[in-house]
1. Out of curiosity, is Arg188 buried (at least 17 other Cβ atoms within 10 Å of the Cβ) and either over 19 Å from Gly48 (Cα atoms) or modelled with pLDDT under 85 (or both)?
2. What residue, among those in the range 162-179 that are of a type in the set (Ser, Thr, Tyr) and in contact with a strand residue (DSSP E or B) (Cβ under 8 Å, 6 or more places away or on another chain), is modelled with the highest pLDDT?
3. Among the residues of the range 103-110, is any surrounded by 12 or more Cβ atoms within 10 Å (Cβ to Cβ) and among the hydroxyl-bearing types (Ser, Thr, Tyr)?
4. I'm checking my understanding of the structure. Among residues of the range 115-130 that are of a type in the set (S, T, N, Q) and farther than 30 Å from Pro82 by Cβ, which one is surrounded by the most Cβ atoms within 10 Å (Cβ to Cβ)?
5. Determine, yes or no, whether Gln133 is surrounded by fewer than 19 Cβ atoms within 10 Å (Cβ to Cβ), among the polar types (S, T, N, Q) and farther than 20 Å from Gln43 by Cβ.
6. Can you tell me which residues in the range 1-51 are at pLDDT below 80, surrounded by 16 or more Cβ atoms within 10 Å (Cβ to Cβ) and under 22 Å from Leu156 (Cβ atoms)?
7. Going through the range 144-175 one residue at a time, which ones are among the basic types (Lys, Arg) and closer than 27 Å to Asp34 by Cα?
8. Tally the residues that are of a type in the set (D, E, K, R), surrounded by 12 or more Cβ atoms within 10 Å (Cβ to Cβ) and in a strand (DSSP E or B), restricting the search to the range 52-82.
Amino acid sequence: MIIISVFIFFFFAQVKAQNFNAQLLGGMNVSQVDGDSYGGYNQPGILGGFSIYRNANDKYNYGFEMLYSQKGSHKKTTPDDPLIFRLRYSYICMPLFIDFKQLGVSLKKITIRAAVSPNIKITSKVDFGYDWQYNSIRPFEISGLVSINYKFNEQLGIMIRHENSLISIGTPANNSNYKTSRRGLYNRLVSFVVSYDLK
């Protein structure tokens, strides 16, 4: 743990020396999987990591993020429908983004972030009510995301983000719990993120 902390310290020090800015990110996801037969953003998960960015000019920033992100799907049970169905995915995500600034005189504290994110799967599992089982999905995901960012001050801000898989992460299994949508399965999630710029 000490070695990791020392590495992070020197990494961010080097980032500042190269005129880049570092930003810590942390929050939660609410997600669903398009292509199963259950709608609704019912699956919570955590999101955490950091971003490195540079001010291109008064109108744009550019950079990348490194995130741990939990996604998935969760069917709500009822007395009339007690069937359990849960999907759990976790990824290392690396969004490449552009921030759009100066959106208007009354929107000085707001920026829009647009990104394309290559994601590496860490875990994938499914539960039909008989304990967790391995769930086979593709090892990589490409997603697109858009976020609205509000800065309370120079360091502290909040982001509301929407993310969706751009290509299918897998094929629906041949059972009644799945249906084909866009010919595959797609992660879809909304994230609520707190950002903190390191000065």
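The values are calculated or read from the model by the stated rules, or taken from the named source; none is laboratory data. What you see is a predicted model; the values in this text were computed from it and never measured. Glycine gets a Cβ as well: all are built from the backbone with ideal geometry, and neighbour counts include every protein chain shown.
1. no
2. If we filter the range 162-179 for residues that are of a type in the set (Ser, Thr, Tyr), which is where we start, we get 165, 168, 171, 176, 178.
Right, trim to in contact with a strand residue (DSSP E or B) (Cβ under 8 Å, 6 or more places away or on another chain) and you get 165, 168, 171, 178.
Values: Ser165: 96, Ser168: 92, Thr171: 78, Tyr178: 50.
Here the residue is Ser165.
3. no
4. Of the residues in the range 115-130, the ones of a type in the set (S, T, N, Q) are 117, 119, 123-124.
This time we only want the ones that are farther than 30 Å from Pro82 by Cβ, so: 117, 119.
Details: Ser117: 22, Asn119: 24.
Out of the qualifying residues, it is Asn119.
5. no
6. Correct list: Phe12, Val15.
7. Arg161 - this is the single residue of the range 144-175 that is among the basic types (Lys, Arg) and closer than 27 Å to Asp34 by Cα.
8. Qualifying residue count for the region: 3.
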